[in-house]
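See below for the structure under consideration.
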Protein chains: 2
Amino acid sequence: MATSKKSAPRRADARRNIETIVEAAERCLARDPDASMSDIADEASLGRITIYGHFKTRAELVEVVARRVLASANALLARVDLRGDPAQALARLVRASWEVTARSGSLVVAAEKALPPQVVRGLHAGKLEERVRRFLARGQRERAFRSDLSTDWLVTLFHATLHAAANEAHAGRLDGHEAAEIVTRTLLAAYQPPAGPLRRPRRSSGRSV
Amino acid sequence: MATSKKSAPRRADARRNIETIVEAAERCLARDPDASMSDIADEASLGRITIYGHFKTRAELVEVVARRVLASANALLARVDLRGDPAQALARLVRASWEVTARSGSLVVAAEKALPPQVVRGLHAGKLEERVRRFLARGQRERAFRSDLSTDWLVTLFHATLHAAANEAHAGRLDGHEAAEIVTRTLLAAYQPPAGPLRRPRRSSGRSV
């Protein structure tokens, strides 16, 4: 393709600026979910005009940052071993998910504030969401998780509980170091098949969890 | 107090306009969580300028509507009998809460989209929140609900699960008529004291739930 000598460096500048803006936004939003475009411009050492030249609205920028953080989160979560005992696999999944959530700081809060719920859900609707769904469906088939509630609802609960914990931790009402265990215990209980009259005793897996 | 003849009717006009705007906003937002200030102005048969004269931002208006809907919701929920068996009381509380949620339509979604999480939480932080907290704490004392998780976390789960169900129902992924039962079953399981080696058999309270 014919490219003028002028436009190639310009495009390179634009790419570099976008990269700088997104990285600055990620740092700002991880610290403060209410970070403004001006805060982000300061952090990026760029003018607000430049930022608005690339991102028409704050929500647009938040969405790009959220997609990027989720992409690296997905790479990390893709390595979580979901095989074997479903309860133990769930504990591993929650631990890794919380680590990712904690690392992204208040970005989860920023995304929930700036973006419509369907966009937030859409951000998750990739390989990771599919992996969580397949894992929960397997747990249901193996009767480790309840089947009287839909797999969809179990997936929703997974995200809702993690997000609730992130909000609580951000508000200082939940100790971040305990969050993963609390979420795991909550979900294991919520996912447990309902006790029936002929319910077999649960295999004991230690004192708690 | 001395009041000029001019200002009294003006204030009455303003009050009437505010009332009209808030009622129109409630109808609009219950139908469409993305209803704009223009949509609300049309519904109220008032100009956008008048609306912005009373509410500087859309978020401000959404918050007023949410407060108003919650006030009437609280009045309804205050009548729910929370005495007696905690599991059955929880089922009654969830049913009434869902009824209120379903009646407010997409307003819950609108509030979550327009307002920061701490404001949404603040909206609940009245008598109702206190009543739910006291009820859950009683359930914990009576060992109907688990005590290995804090009362705060059980309150958070109550709201998170109801809100998740409202979002799912709004997105058409959950049948609104089944939502109350699904939320009740989810919370009852999540709140259940963890099974220990010396756990006494649960008092049977029927086939399911």
Inset, instruction - Summarise the partner chain shielding of A:185-195 as one whole number: the mean count of Cβ atoms from other chains within 10 Å of each residue's Cβ. - result: 6
Legend entry - Largest to smallest accessible area among A:His159, A:His170 [probe 1.4 Å]: A:His170, A:His159
Inset, instruction - Any chance you could check the Cα centroid distance between the stretch A:74-96 and the stretch A:142-192 for me, in angstrom? - result: 14
Legend entry - Residue pairs, from the table B:Lys56/B:Lys113; A:Lys56/A:Lys127; B:Lys56/B:Lys127, whose Cα atoms sit over 21 Å apart: A:Lys56/A:Lys127; B:Lys56/B:Lys127
Legend entry - Position B:Lys127, label points 7 Å along Cα→Cβ, spacing to each other copy in nm (shortest first, one decimal): 5.4
Inset, instruction - Run the numbers on chain A and let me know its relative contact order in percent, using alpha-carbon pairs under 8 Å that are six or more apart. - result: 19
Inset, instruction - Under 1.5 on a/c is rounded, so check that first for the stretch B:1-142, then, if it is not, pick prolate when a/b is larger than b/c and oblate when it is not; a ≥ b ≥ c are the square roots of the alpha carbon gyration tensor eigenvalues. - result: prolate
Legend entry - Heavy-atom surface of the stretch B:47-195, accessible at 1.4 Å and reported per residue (Å²): 44
Inset, instruction - Of all alpha-carbon pairs in the protein assembly as shown, indicate the percentage at a distance above 32 angstrom. - result: 44
Legend entry - chain B, helix-only ellipticity at 222 nm - DSSP H runs n ≥ 4, -39,500 (n - 2.57), divided by all residues, nearest 500: -22500 deg cm²/dmol
Inset, instruction - Hydropathy first: keep DSSP H helices in chain A averaging at least 1.0 on Kyte-Doolittle, then drop any whose Cα extent along the axis falls short of 27 Å, and list what survives. - result: none
Inset, instruction - Would you work out which of B:Ala137, B:Ala169, B:Gly122 lies farthest towards the positive end of the dipole of the stretch B:105-187? Charges go on Cβ: Lys and Arg +1, Asp and Glu -1. - result: B:Ala137
Inset, instruction - Enter the buried accessible area of the A/B pair, total of both sides, probe 1.4 Å, in Å² rounded to the nearest 100. - result: 2600
Inset, instruction - Keeping the other protein chains in place, figure out the carbon and sulfur percent of the accessible area of chain B, with a 1.4 Å probe. - result: 52
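The values are calculated or read from the model by the stated rules, or taken from the named source; none is laboratory data. All values derive from a computational prediction rather than experimental measurement. Every residue, glycine among them, receives a Cβ derived from its backbone with ideal geometry; neighbour counts consider all protein chains shown. What goes into the accessible areas is simple: the full protein's heavy atoms, side chains included, and nothing from ligands, DNA or RNA. Shrake-Rupley method; radii C 1.70, N 1.55, O 1.52, S 1.80 Å.
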